[in-house]
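S.K.: Quick one: structure below, then a few questions.
The values are calculated or read from the model by the stated rules, or taken from the named source; none is laboratory data. This is a predicted model, so every value here is computed, not measured. Heads up, the Cβs are rebuilt from the backbone with ideal geometry, glycines too, and the neighbour counts pull from every protein chain shown.
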Amino acid sequence: MAQTARSRPDRCPGVVHPWPADDGGLVRIRIPGGRVPLTALRALATVAQEYGDGRVRLTGRANLQLRAMPLDADGRLAAPALAALERTGLLPSRAHDRIRNVLASPQTGLAGGRADLRPVVTTLDALLRADDEMARLPGRFLFTLDDGRGDLADRHKDLGLVALDAATAQLVVGDGYGDVVALDAAPAALVALARAFLAARGTGPDAAWHVPELAAPLVRPADPVPGATISTGPLPFGPVAGGEHVAVGEDGLDLAALSPWTAPAVVVTPWNGVLIPSTSEEAP
């Protein structure tokens, strides 16, 4: 591991801190685990139609983006647009706006996998938002939660886990592995590691953005246990176990594109797609 030579601050966009693009403000909305109620997604598309270019775009971390949003004289999102975004329910904490970067296996709890990681996502997000210290994480810091199917094997960047069975998981720390923990204890363990990262990253514009950039390992590396290194690649488009994976183009989604969808919640995937569940489960 080596300290970064980076000399500029983290300017990863969020809602409270948009990116001033040529066509207006670029706003990024974090969606932990990718799972979003369809009512909230429709509300977001309405905001995009009223204030932006009318489209909701997807990112490689299963988040959502709006473009051409109005900015005030200080380069912040205009107050009416910010209030409209908050009414969607997708911005539960302004202070933690940019740090809720939580990827999870999109099919988790719907089909396959060794464990249902949706409760882990919910608990981890709640712990992050409840901790003022976590608001200092870089906007690019990423948590990856693989339910054991291996679809996120190439996405691990900072902290995460791989489920070993319905009750246990091995932690992922940077480009290595950590302890085997009970699944219900994993969110607190990840937050503790994030706190250790903050203590070790340094200060100023050259501070580390990612765990592998630290000058010393965050934890003593552990060997991966059997099953922790499985890799299966991205979810294919079309009918899949638990639903249908719909490809979304660069132009994103608008209200018309959402009108045929009826599932209570859909799952944004890190492969520029949306998984529409075939079950009738209630939206989380």
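S.K.: Name the residues in the range 62-110 that are at pLDDT below 95 and either touching a strand residue (DSSP E or B) at 6+ places or on another chain (Cβ under 8 Å) or hydroxyl-bearing (Ser, Thr, Tyr) (or both), would you?
M.R.: Within the range 62-110, just Gly75 meets the criteria.
Table: residues versus (1) in contact with an Asp or Glu (Cβ under 6 Å, 6 or more places away or on another chain); (2) under 30 Å from Ala192 (Cα atoms); (3) surrounded by fewer than 16 Cβ atoms within 10 Å (Cβ to Cβ).
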| residue | (1), (2), (3) |
| --- | --- |
| Pro205 | no, yes, yes |
| Thr229 | no, yes, yes |
| Gly238 | no, no, yes |
| Ala241 | no, no, yes |
| Val248 | no, no, no |
| Pro260 | no, no, yes |
| Leu275 | no, no, no |
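S.K.: Could you check, for the range 227-239, whether at least one of its residues is at pLDDT 95 or above, within 22 Å of Gly160 (Cβ to Cβ), part of a loop (DSSP other than H, G, I, E, B) and in contact with a strand residue (DSSP E or B) (Cβ under 7 Å, 6 or more places away or on another chain)?
M.R.: Yes, because at least one residue in the range 227-239 is at pLDDT 95 or above, within 22 Å of Gly160 (Cβ to Cβ), part of a loop (DSSP other than H, G, I, E, B) and in contact with a strand residue (DSSP E or B) (Cβ under 7 Å, 6 or more places away or on another chain).
S.K.: Moving on. Check off (1) surrounded by 14 or more Cβ atoms within 10 Å (Cβ to Cβ); (2) without any contact (Cβ under 8 Å) to a residue 40 or more places away in the chain for Val219 and give me the number that stays unchecked.
M.R.: If we test Val219 against (1) surrounded by 14 or more Cβ atoms within 10 Å (Cβ to Cβ); (2) without any contact (Cβ under 8 Å) to a residue 40 or more places away in the chain, just (2) comes out false.
S.K.: Additional query: List, please: which pairs have Cβ atoms under 6 Å, are six or more places apart or on different chains, and start with a residue in the range 150-170 that is at pLDDT 95 or above and part of a loop (DSSP other than H, G, I, E, B) and end with one that is of a type in the set (Phe, Trp, Tyr) and buried (at least 17 other Cβ atoms within 10 Å of the Cβ)?
M.R.: Going by the 6 Å Cβ cut-off, the qualifying pairs are Asp158/Phe141.
S.K.: Would you confirm whether any residue within the range 20-42 is part of a loop (DSSP other than H, G, I, E, B), without any contact (Cβ under 8 Å) to a residue 40 or more places away in the chain and touching a helix residue (DSSP H, G or I) at 6+ places or on another chain (Cβ under 9 Å)? Walk me through it before giving the result.
M.R.: Restricting attention to the range 20-42, the residues satisfying the condition of being part of a loop (DSSP other than H, G, I, E, B) are 22-23, 30-31.
Add one more test, that the residue is without any contact (Cβ under 8 Å) to a residue 40 or more places away in the chain, and what stays is 22.
Keeping just the survivors that are touching a helix residue (DSSP H, G or I) at 6+ places or on another chain (Cβ under 9 Å) gives none.
No, that holds for no residue.
S.K.: Does at least one position in the range 80-95 carry a residue that is touching a His at 6+ places or on another chain (Cβ under 9 Å), in contact (Cβ under 8 Å) with a residue 60 or more places away in the chain and buried (at least 19 other Cβ atoms within 10 Å of the Cβ)?
M.R.: First, the residues of the range 80-95 that are touching a His at 6+ places or on another chain (Cβ under 9 Å): none.
No: the range 80-95 contains no residue that is touching a His at 6+ places or on another chain (Cβ under 9 Å), in contact (Cβ under 8 Å) with a residue 60 or more places away in the chain and buried (at least 19 other Cβ atoms within 10 Å of the Cβ).
S.K.: Residue check, Phe141 against (1) at pLDDT 95 or above; (2) surrounded by 15 or more Cβ atoms within 10 Å (Cβ to Cβ); (3) in a loop (DSSP other than H, G, I, E, B); (4) over 20 Å from the mean Cα position of the chain (by Cα), all met but one. Which one?
M.R.: Against the list (1) at pLDDT 95 or above; (2) surrounded by 15 or more Cβ atoms within 10 Å (Cβ to Cβ); (3) in a loop (DSSP other than H, G, I, E, B); (4) over 20 Å from the mean Cα position of the chain (by Cα), Phe141 comes up short only on (4).
S.K.: Scan the range 55-77 residue by residue and report those that are touching a residue at least 40 places away in the same chain (Cβ under 8 Å), assigned to a loop (DSSP other than H, G, I, E, B) and of a type in the set (A, V, I, L, M, F, W, C).
M.R.: Ala62
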